[in-house]
1. Restricting to segment 74-132, count the residues that are small (Gly, Ala, Ser) and part of a helix (DSSP H, G or I).
2. Condition check: crowded, with 17+ Cβ neighbours inside 10 Å and aromatic (Phe, Trp, Tyr). Does residue 48 satisfy that?
3. Kindly provide the set of residues from segment 176-196 that are surrounded by fewer than 21 Cβ atoms within 10 Å (Cβ to Cβ) and at pLDDT 90 or above, ordered by number.
4. Working only within segment 39-68, note down all residues that are free of Cβ contacts under 8 Å to residues at least 24 places away in the same chain and either hydroxyl-bearing (Ser, Thr, Tyr) or closer than 20 Å to residue 177 by Cβ (or both).
5. Do the conditions hold for residue 93, that is, is it open to solvent by 40 Å² or more (accessible area, probe 1.4 Å), of a type outside the set (Val, Ile, Thr), modelled with pLDDT under 95 and touching a Gly at 6+ places or on another chain (Cβ under 6 Å)?
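The values are calculated or read from the model by the stated rules, or taken from the named source; none is laboratory data. Bear in mind that the values here come from a model prediction, so they are computed numbers and not experimental data. Glycine gets a Cβ as well: all are built from the backbone with ideal geometry, and neighbour counts include every protein chain shown. Please note that ligands, DNA and RNA were not included when accessible areas were found on the heavy atoms of the full protein model with its side chains. Shrake-Rupley method; radii C 1.70, N 1.55, O 1.52, S 1.80 Å.
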Amino acid sequence: DNRWADPQRATDATGDRELISVALRNTRNAARLVQAMGDLAQLDEPAFELRPEALALDDLLNDVAMRFAARAQAQGVTLAAQETALHARVDVELIERALANLVENSLKFTPAGGRITLHAHQADGWLHLGVSDSGAGISPADKPHLFDRFYQARHSAAPATGEGGRGLGLAIVKRIAELHGGTVGVESDEGVGTVVTLRLPVRS
């Protein structure tokens, strides 16, 4: 029996919950941003050294895919790791971070029914590691600035980052590639999808 219920009080309570939810989300975003800024500053230190390890890339790609499997399923997105027999010598923690950032970007802009794939191949002495998606794609105006620190695309099709939404996620990916002596590139068409690839020298 809700004879004594106050409709206005119920409305106010709903509004309060929404405000609290927004405040918590903003706090989490701010915390991620601060952490990302600290991480990027650490990666910029001249004394920073890689800790390369030999590993099977099949394991690496599958580990990253498994980390986001539940979220992808909840969004109705197919997330898969391409099979590969390649091995590589990289800083595992950093490369996992880079791939995770790319997968998170793809999940933000790949609609239900879409597909995200982690892939790897080797050609001409270079290792190519990346993430492709069938998402919204990136506008030509935004492409040149995607890896700039703190850049925020004005178009909703540009990938957000997993580092507080302030352009640090892709900047971290770029820095990780540079530390390995490599580069990062993007291929994308609006409404078709995006492929972001780290190009790293093969290390023995």
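1. 4
2. Taking the combined requirement at face value, the residue does not satisfy it.
3. Within segment 176-196, 178, 179, 181, 182, 183, 185, 186, 187, 192, 195 meet the criteria.
4. Hits for segment 39-68 are 41, 42, 45, 46, 47, 49.
5. No: the conditions fail for residue 93.
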